[in-house]
Every structure is written in C-alpha cells, then in structure tokens.
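One structure is given here, and the rest of the page talks about it.
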Amino acid sequence: MDEKKALLQVEDLKTYFHTEDGIVKAVDGVTFDVFPGETLGIVGESGCGKSVTSLSIMRLLDEKGEIAGGKITFDGEDVLAIPESKMMKIRGNDMAMIFQEPMTALNPVFTIGFQIMEAILLHQDVDEKKAREMAIDMLKKVGIPEPEKRIDEYPHELSG
Ligand SMILES: Nc1ncnc2c1ncn2[C@@H]1O[C@H](COP(=O)(O)OP(=O)(O)OP(=O)(O)O)[C@@H](O)[C@H]1O
Ligand SMILES: [Mg+2]
C-alpha cells in the first residue's frame, strides 16, 4: 500500500525575534505534519506562537524575526531555501494566509472588488473582466449577499 506523503512538514521549528530587550523565542521547537486534504487546528493561549508559526511557514516574518532552526518542507521542497521570487508565486497559489483582524487586512481606500481582483490578476492569466467575474463568484461562494453590488463597496461598508 502507498504511504501518503505529508504536504507540509514542520520539524523542530525555532523562530526568534531580536528585540531591544533581548531574544524572544516565539517558537521554540515545533513539529507537525499536514497531509493532503487534512485540516489541522492549532490551539493555544494568546502569545503562544500560533501566528508566528504560520508566518514562518509563509516566510512573511518581519526583519526582526529569524528562523533560527528547524526545517519546513512543502510539497517536497525545502521552504527555507526557496528564492523569494518563487516564494511570491507559491504564496496565494499553493499556500495562503487569512490574517487576523480582517478590518486591518484590507486597504480602506480601495474597494473590496479591486483588492480581490488584484490578487487574482497577480496569480492567474485572466483579463480584468474575467477577474471581476471570479471575484463575484468568490463572494457568492462565501455567502455574501448581492455580490454584484457589494464588490464595488469599500471595506468599511461591510460588517466585520
Ligand atoms: N514582530 C515581533 N517582534 C517581537 N516579538 C514578536 C513579534 N511578533 C510576535 N512576537 C512575540 O512572539 C510571541 C508569539 O506571538 P504570536 O503572535 O505568534 O501569538 P499567537 O499564538 O498568534 O497569539 P494570539 O492568539 O493572540 O493571536 C509573543 O510573545 C509575541 O509577543
Ligand atoms: Mg495570532
């Protein structure tokens, strides 16, 4: 029988922040696997390192953050060795992050449609008209009523 291979492997991950008050060991030896089709929930008190673990996998840490040890493998590739240009293609296509606090994740000066379309246009070979249709479909999929109208609204016009 074929043994199913993990899609994501995190092994002994250590992510440290270099701050004025010293080193913050935000993640200090985390190991887990995620298999295709599997959903993994990570639970823990505020500040225990859930977001920093996710940001490390996405390679989105700010300049104070450093992956000090461990290994991350995604679809057989060593994530920590992937060049940034390739990482940009992987993010949004193969790996994505839904950030906490949706009200700060969207830019208040652009319509939600513009922001969803921007992501589609960056990652898929479609024209603006098709991207708009896809954005409307996406809003429909997540149960936003009147998506054709809502798409031209600004983030503050939608509820949290
Ligand atoms: N940019 C940063 N600079 C310094 N320390 C940071 C930074 N980002 C996170 N930390 C620290 O890393 C630790 C883990 O934070 P993290 O945001 O991962 O927690 P969390 O589990 O996601 O919490 P919550 O449930 O509140 O979202 C905390 O001690 C936090 O203060
Ligand atoms: Mg968090």
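The values are calculated or read from the model by the stated rules, or taken from the named source; none is laboratory data. Just so we're clear, the structure is a prediction, and the values are computed from it rather than from any experiment. Using ideal geometry, Cβ is built from the backbone for each residue, glycine included, and neighbour counts are taken over all protein chains shown. Heavy atoms of the whole protein, side chains included, go into the accessibility calculation; ligands, DNA and RNA do not. Shrake-Rupley method; radii C 1.70, N 1.55, O 1.52, S 1.80 Å.
Using just the helices of the chain, give the 222 nm mean residue ellipticity in deg cm²/dmol: DSSP H runs with n ≥ 4 each add -39,500 (n - 2.57), and the total is spread over all residues, rounded to 500.
It comes out at -8500 deg cm²/dmol, rounded to the nearest 500.
Please list 3J(HN,Hα) in residue order for the stretch 117-122, calculated via the Karplus relation 6.51 cos²θ - 1.76 cosθ + 1.60 where θ = phi - 60°; whole Hz, with x for glycine and proline.
Taking θ as phi minus 60°, the curve returns 5, 4, 5, 5, 5, 6 Hz for the stretch 117-122.
Viscosity 1.306 mPa s, temperature 10 °C: give me the Stokes-Einstein translational D for the stretch 103-157 in µm²/s, with Rh taken as the Kirkwood radius over C-alpha pairs.
This corresponds to a translational diffusion coefficient of 141 µm²/s.
Compute the FRET efficiency between Lys149 and Arg91 as 1/(1 + (r/R0)^6), taking r as their Cβ-Cβ distance and R0 = 25 Å, and round to the nearest 0.05.
Step by step, r from the Cβ atoms, then E = 0.25.
Specify the angular offset, from 0 to 90 degrees and rounded to the nearest 10, of the alpha carbon long axis of helix 128-141 from the longest principal axis of the alpha carbons in the chain.
The two axes meet at around 70 degrees.
Treating each Cα of the stretch 1-54 as an identical point scatterer and ignoring solvent, apply the Debye formula and state log10 I(q)/I(0) at q = 0.20, 0.23 Å⁻¹.
-0.80, -0.95
If you plug each phi of the stretch 73-85 into the Karplus form 6.51 cos²θ - 1.76 cosθ + 1.60 with θ = phi - 60°, what whole-Hz ³J(HN,Hα) values come out, in order, with x for Gly and Pro?
Once rounded to whole Hz, the list reads 10, 10, 6, x, 9, 6, 4, 6, 9, 6, x, 4, 4.
Counting only Cα, what are the radius of gyration and maximum Cα-Cα distance Dmax of the chain, in Å?
In order Rg, Dmax, the Cα atoms of the chain give 18.4, 54 Å.
What's the carbon and sulfur percent of the stretch 1-149's accessible surface, probe 1.4 angstrom, rounded to a whole number?
Answer for the stretch 1-149 is 54 percent, counting heavy atoms of protein chains only.
What's the FRET efficiency of Ile42 with Glu20 using the Cβ-Cβ distance as r and R₀ = 35 Å, to the nearest 0.05?
0.75
What are the radius of gyration and Dmax of the stretch 1-95, computed over its Cα atoms and given in Å?
14.0, 53
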